[in-house]
Amino acid sequence: MGCAGRGITSAFEFLDRHHLRDRYSRVIYDVLGDVVCGGFAVPVRREYADAVFLVTSGEYMALYAANNILRGIRNFDGDTYRRVAGIIYNERRLEDEDGRVRRFAEAVGLPVLVKVPRSEAFARAEEQNITLMELEGAEREKNVFRTLSELIRRGPELYAAAPLSDEELEAAVLGRKLLREEPETAPATEAAPAPTPVPSAGAETAALRRPPLYGCAFNGAAQAAVRLTDAIVIAHGPKACAFYTLQTISSPGRKNLFNRGVLLPSALSPNFVSTDIGHAEAVFGGMELLNAAVKEALAKKPGAVIVISTCVSGIIGDDLKAVEKLSEPDIPVIALAADGDMSGDYTEGISMALETLVRRIMDVNAPKRPCSVNLIGETAIAANGESNFRVIERLLNEMGIAVNCRFLGGATTAELRQLAAAPLNILCSDTADARSLRDFLVGEYGFAFLDKPLPVGFEATAEWLRTLGAFYGRETEAEAVIERERSAYEEEISRVSRRLKGKKMIFSTINSNIDWLLSAVTDAGMELPFVGVVNYFHRPLIVTAHPEKYPMIQETYDVTVSTEAVHRYKPDIFLSAYASRQEDGVLCDTLPMIPDLGALSAVHLMDRWIRLMDTNRKGAWENDKQLFEKYFA
Ligand code: SF4
């Protein structure tokens with residue numbers, strides 16, 4: 001059982017246990033050069049080896065392995081500690097072999113101690129089952145080993161490991177050109193100093209092409225799975241993977257709670273446990289730990305148990321699917337073989353988790369609920385996520401339509417089971433994850449989706465309600481709700497306009513529809529001399545459906561334009577995607593990335609401006625300063 005690396009570790013434990021090393025003045029280990037894991041590296045650890053000899057031929061892969069050993073030694077010893085004796089050159093009689101070994105030795109700063117010639121004498125000794133020294137003749141070959149043994153007996157001079165980069169190795173051994181070369185410059189003179197070397201264009205382009213790191217598939221799958229509120233999610237891997245993922249899950253939860261007083265239970269306190277794979281399981285397998293963790297989870301009677309594999313459990317080959325057999329009649333055990341980053345990145349992990357959960361849990365024959373709808377792809381981190389859900393739920397309920405399932409905005413396993421019962425689905429966010437989930441549900445199950453986003457502002461809400469009314473045959477109910485929303489909107493706009501009428505506002509925004517804000521600001525009687533738009537998403541501008549009504553919109557915009565605009569228009573309020581600006585006498589505030597939903601979206605913002613205008617902001621900062629001095633200075 002276990003890998004060869006484990007075997008080497010066991011061998012050394014055996015030597016130690018029996019104090020075998022103490023019996024000899026010199027101990028020589030002849031070990032494999034592939035330092036592929038900690039087990040293989042045991043013999044070169046300081047407690048075992050005072051000196052390391054690299055045996056290599058002139059083949060590229062042999063020199064590559066020798067260079068890897070130097071890397072391993074440097075990891076143990078650092079750049080200055082001296083423990084490498086040199087190179088034992090084991091000739092294979094290749095073309096330019098002497099040259100290759102010599103160039104490698106020079107590049108890593110090591111001597112070639114001996115050259116073992118290619119010779120039939122070794123094969124003859126093997127055939128006779130004796131050592132070379134016992135063979136008749138072969139004095140030339142024997143002398144090599146006499147030299148070597150004398151060197152070991154005397155104690156060789158030692159060097160620090162100085163491995164090459166792969167590129168340097170290829171240049172030294174194969175004669176390939178280095179990508180990053182010193183620029184050719186004329187010798188420096190006093191009048192014309194040498195220019196500073198710059199990375200080559202190739203190196204820069206390679207850096208730019210490197211994809212951004214969002215996280216591994218394990219991390220993405222875990223983020224999705226914990227949103228099934230009654231499931232227990234088991235991370236099958238080391239503590240560190242679970243810790244890192246728990247941080248990324250709970251970070252928005254902590255931020256929302258401490259900064260904004262908003263509670264996101266699935267983010268703050270997810271049902272997330274770890275099998276804590278250790279050294280022994282990494283070698284002998286972790287199925288025992290996993291089975292025990294699944295049984296413990298099942299005993300708590302959750303809606304489902306979801307198991308996700310990390311790199312370690314993926315590499316050691318634990319059979320994740322096997323735990324699905326532990327499923328109980330009402331509690332499915334679901335394996336998500338993310339295998340850390342081996343099955344993809346963060347986004348692919350999310351998609352894999354969502355699709356697997358649908359396939360395993362959803363009942364395609366669930367009894368139909370004709371007057372219900374599913375909400376698909378709610379974002380996990382929006383601070384106004386729950387209040388927005390309440391608005392949508394209220395509007396739907398007032399039309400006699402129920403929310404069937406929020407997938408996965410806080411659904412239980414039972415709700416996910418009846419996902420197919422609703423005749424219509426609403427996509428809640430325009431993110432890649434949400435779109436990919438929609439495409440999956442449409443492509444695999446023929447789900448119908450509303451072709452409108454969730455409504456922001458009165459006009460969009462009215463249109464959204466009408467479309468839903470037409471789909472469900474509830475036009476009359478829709479019109480009644482629209483009338484109620486209209487009255488509420490007009491009443492609220494008239495209230496805020498008592499404070500905001502005549503106030504001058506300018507704002508800058510990224511490329512998204514802001515008709516809800518433009519119409520509300522106009523309805524409240526505010527002045528709007530300038531709107532700047534940054535085409536952040538590089539797609540057609542969709543700021544307004546009525547460009548003729550808003551000639552002040554400027555589509556080519558940058559931060560210098562906004563500075564000029566603030567000085568030219570001297571606004572009372574400056575609104576931007578990021579409130580990075582401070583101007584005396586100007587109220588600067590943010591335009592939310594995820595606005596409140598429903599008819600009163602803009603009114604909520606306006607109430608905020610009024611509150612801010614009534615706040616003595618400078619005075620508040622003064623108070624903060626006094627508090628700071630009192631407690632920290
Ligand atoms: S990449 Fe692998 S090791 Fe790193 S957190 Fe993901 S599963 Fe764990």
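Working note: Cα gyration tensor of the range 217-361, eigenvalues times five, square-rooted, sorted largest first, giving semi-axes of 23, 17, 14 Å. Pairwise Cα distances in the range 229-301 exceed 20 Å for 41 percent of all pairs.
Rounded if a/c is under 1.5, else prolate if a/b beats b/c, else oblate: with a ≥ b ≥ c from the C-alpha gyration tensor eigenvalues square-rooted, which is the range 440-506? Don't jump to the answer; show the numbers that get you there.
On the way: a/c = 5.57, a/b = 1.94, b/c = 2.87.
Verdict is oblate for the range 440-506.
Helix 617-631 axis versus longest C-alpha principal axis of the chain: approximately 40°, rounded to the nearest ten. Taken along its principal axes, the alpha carbon cloud of the range 475-523 reaches lengths of 39, 30, 9 Å, longest axis first. Taking max minus min of the alpha-carbon positions on each principal axis, the chain gives extents of 110, 82, 55 Å, largest first.
Stokes-Einstein diffusion for the range 50-174 at 10 °C, viscosity 1.306 mPa s, with a Kirkwood radius from C-alpha pairs, works out to 103 µm²/s. With contributions of -39500 (n - 2.57) from each DSSP H run of at least four residues, the per-residue ellipticity at 222 nm computed over the chain stands at -14000 deg cm²/dmol. Residue ranges 145-155, 374-384 sort as 374-384, 145-155 when ordered by packing (mean number of other C-beta atoms within 10 Å per residue, highest first). For the range 16-102, chymotrypsin sites (Phe, Trp or Tyr not before Pro) are listed when DSSP marks them as loop and at most 16 other Cβ atoms sit within 10 Å of their Cβ; the list is Tyr24, Tyr29, Tyr48, Tyr81.
Cβ under 13 Å from Asp433's Cβ, Asp433 left aside: what net charge do those residues give with Lys, Arg +1 and Asp, Glu -1? Here the charged neighbours net out to -3. In order along the range 486-498, phi translates into HN-Hα couplings of 4, 4, 4, 4, 5, 4, 5, 5, 5, 5, 6, 5, 4 Hz, rounded to whole numbers, per the Karplus curve 6.51 cos²θ - 1.76 cosθ + 1.60 with θ = phi - 60° and x for Gly and Pro. Taking all Cα pairs closer than 8 Å and separated by 6 or more residues, the relative contact order of the chain comes to 8 percent.
Tally Lys/Arg at +1 and Asp/Glu at -1 over every other residue whose Cβ is under 12 Å from the Cβ of Ile130; what's the total?
-3
Seen from every direction in turn and averaged, the convex hull around the alpha carbons of the range 372-480 projects onto 6.7 nm².
Against the main long axis of the alpha-carbon atoms of the chain, helix 385-398 sits at an angle near 40°.
Cross-link list Lys504/Lys549; Lys321/Lys368; Lys501/Lys549: which exceed 27 angstrom alpha carbon to alpha carbon?
Checking Cα-Cα distances, Lys321/Lys368 exceed 27 Å.
Suppose every Lys and Arg Cβ carries +1 and every Asp and Glu Cβ carries -1, with no other charges. What dipole size does the chain come out with about its Cα centre, to the nearest 20 debye? Please list the in-between numbers first.
Values: 71 positive and 87 negative charges, 248 e Å.
Its charge dipole is roughly 1200 debye.
For the range 335-375, the ratio of Cα radius of gyration to the globular rule of thumb 2.2 N^0.38 Å stands at 1.57.
Calculate, for Glu444 and Met593, the FRET efficiency according to 1/(1 + (r/R0)^6) with r their C-beta to C-beta distance and R0 41 Å; round to the nearest 0.05. Kindly include the intermediate steps, with their values, before the conclusion.
On the way: r = 31 Å, r/R0 = 0.75.
The pair Glu444/Met593 has a calculated efficiency of 0.85.
The angle between the Cα long axis of helix 559-569 and the main principal axis of the chain comes to about 20°, on a 0 to 90 degree scale. Once backbone amide H atoms are built at 1.01 Å from N, Lys504 has Glu527, Asp572, Ile573 as its partners under 5 Å, excluding neighbours fewer than 5 places away on the same chain.
A cut-off of 5 Å between modelled amide H atoms, ignoring neighbours fewer than 5 places along the same chain, links Gly237 with Thr275, Asp276, Ile277. Residues Val273, Val226 in ascending order of nearby Cβ atoms (within 10 Å, fewest first): Val273, Val226.
With a 10 Å Cβ neighbour count serving as the proxy for reagent exposure, in which order, fewest first, do Met342, Met593 appear? Display every interim value, and only then the final one.
Numbers: Met342 15, Met593 11.
Arranged by neighbour count, lowest to highest, Met342, Met593 become Met593, Met342.
None of the figures in this text is laboratory data; all of them are computed from the coordinates on show. What you see is a predicted model; the values in this text were computed from it and never measured. All Cβ positions, glycine included, derive from the backbone under ideal geometry; neighbour counts span all protein chains shown.
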